[in-house]
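J.: Sharing a structure with you now.
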Amino acid sequence: MRIFFIPALIFTLSSCNSPAPIKPAKAVSVSVLPQKYFVEAIAGEGIKVNVMIPPGASHSSYEPTARQMNLLVNSQAYLKIGHLDFELAWMPRFGGVNPEMQLFDLSEGIDLIAGECEHHEEAGHIHSEENETGIDPHTWMSPGNVKIIATNILKSLNKIYPSDSAVFRSNYNSFMMTIDSVQALYNLNADKLKGRSFIIYHPALAYLARDYGMEQIVLEFEGKEPPPAHIKAIIDLAKEKKIGFIFVQKQFSLDNSRSLAKEINAEIIPIDPMDEQWKEQMIEILNHLLANK
């Protein structure tokens, strides 16, 4: 009995210790936190969403960690926001990490704000383009654009996981109601917003400004700290238009904004377009625009 018992026991133990085949988890990757919010709202709990740019980091300069690069190996798809400096720099390398990873551009169908990659100081307008493509990537800072982004997410998820399309459609319908509620608040105050000018450090609200007839005046110059001449031009314009506040994103230094605020007796208002809580951030920005002139 002992002769046969030991091999049988070994066989039993080895069988119990043998790893079962691991089915790849459902996972997609995105660039910024607002995308995570959008994708999770439509995908539901069954899909892991990896975010490449963490809280507090700038999409112009962030470099992903080795751990983040490893997460791409298990992603069935990458849903890029479109035209971010981060994506322009890293997408070729992401494809090298996982050649089978599908790529979707969530900016498709959006009327993109393009420029000539130069800076203008004429007729009271001071603008700064975003990157070398001359396209402003902050498409998600507009409720109307987010409707298009949501539709692109739905189409993408249906292609990646067609068996879950009914769940995606139900979640999409619910999320569209959320977007509608935000857009309705802006539309309700459209007359108050039209013609309003605001100063912002980094040009993140161009799409919102276009939607509601506002003027975005950018303190940042060519993606860098503004030179004295640029600051002087903004001071003169701010005094002329009686602008009493400056939006500053949490990812940027307050130094130049403090100097400008002191010169024009303006309040510095922190905002975070990279915040995962998109709805709350959009409502907060609206409240600031309405409360300040």
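The values are calculated or read from the model by the stated rules, or taken from the named source; none is laboratory data. This one's a predicted model, so the numbers in the text were calculated from it and none came from an experiment. Note that we place each Cβ from the backbone using ideal geometry, even for glycine, and neighbour counts take in every protein chain shown.
J.: Go through the range 172-195 and give me each residue that's surrounded by 13 or more Cβ atoms within 10 Å (Cβ to Cβ) and polar (S, T, N, Q).
T.: Those that are surrounded by 13 or more Cβ atoms within 10 Å (Cβ to Cβ) and polar (S, T, N, Q): T178, Q183, N187, N189.
J.: How do the pairs read when you match residues in the range 103-115 that are crowded, with 19+ Cβ neighbours inside 10 Å with residues anywhere that are part of a loop (DSSP other than H, G, I, E, B) and among the small types (G, A, S), using Cβ under 8 Å and keeping only pairs 6 or more apart or on different chains?
T.: From residues that are crowded, with 19+ Cβ neighbours inside 10 Å, the pairs are L106/G82; S107/G82; I110/G82.
J.: Exactly one condition in (1) surrounded by fewer than 17 Cβ atoms within 10 Å (Cβ to Cβ); (2) closer than 30 Å to K241 by Cα; (3) at pLDDT 95 or above is not met by S163; state its number.
T.: With (1) surrounded by fewer than 17 Cβ atoms within 10 Å (Cβ to Cβ); (2) closer than 30 Å to K241 by Cα; (3) at pLDDT 95 or above applied to S163, the lone miss is (2).
J.: Here is a further query. With respect to E276, is the statement that it is in contact with a helix residue (DSSP H, G or I) (Cβ under 8 Å, 6 or more places away or on another chain) and loosely packed, with under 14 Cβ neighbours inside 10 Å true?
T.: Considered against the rule, which asks whether it is in contact with a helix residue (DSSP H, G or I) (Cβ under 8 Å, 6 or more places away or on another chain) and loosely packed, with under 14 Cβ neighbours inside 10 Å, E276 comes out as no.
J.: Let me ask another. Report, by residue number, each residue of the range 147-203 that is touching a strand residue (DSSP E or B) at 6+ places or on another chain (Cβ under 9 Å), small (G, A, S) and outside the structural domain of I243 (by TED's automatic domain parsing).
T.: Matches in the range 147-203: S156 only.
J.: Residues in the range 138-178 that are under 30 Å from I200 (Cα atoms) and either touching a Gly at 6+ places or on another chain (Cβ under 6 Å) or assigned to a helix (DSSP H, G or I) (or both): how many? Write out each step before concluding.
T.: Looking only at the range 138-178, we keep the residues that are under 30 Å from I200 (Cα atoms), and these are 138-153, 175-178.
Cutting the leftovers down to either touching a Gly at 6+ places or on another chain (Cβ under 6 Å) or assigned to a helix (DSSP H, G or I) (or both) gives us 143-153, 175-178.
So the answer is 15.
J.: Of all residues in the range 201-215, count the ones that are of a type outside the set (F, W, Y), at pLDDT 95 or above and crowded, with 20+ Cβ neighbours inside 10 Å.
T.: Residues flagged as of a type outside the set (F, W, Y), at pLDDT 95 or above and crowded, with 20+ Cβ neighbours inside 10 Å within the range 201-215 amount to 4.
J.: From L79, L71, L88, grab the single residue that is in a strand (DSSP E or B) and touching a residue at least 40 places away in the same chain (Cβ under 8 Å).
T.: Values: L71 fails: in a strand (DSSP E or B); L88 fails: in a strand (DSSP E or B).
Just one listed residue meets the conditions, L79.
J.: Right, another one. Considering (1) part of a loop (DSSP other than H, G, I, E, B); (2) in contact with a strand residue (DSSP E or B) (Cβ under 9 Å, 6 or more places away or on another chain); (3) of a type in the set (A, V, I, L, M); (4) at pLDDT 90 or above, say which one I110 fails and leave the rest.
T.: Evaluating I110 over (1) part of a loop (DSSP other than H, G, I, E, B); (2) in contact with a strand residue (DSSP E or B) (Cβ under 9 Å, 6 or more places away or on another chain); (3) of a type in the set (A, V, I, L, M); (4) at pLDDT 90 or above leaves (2) as the failure.
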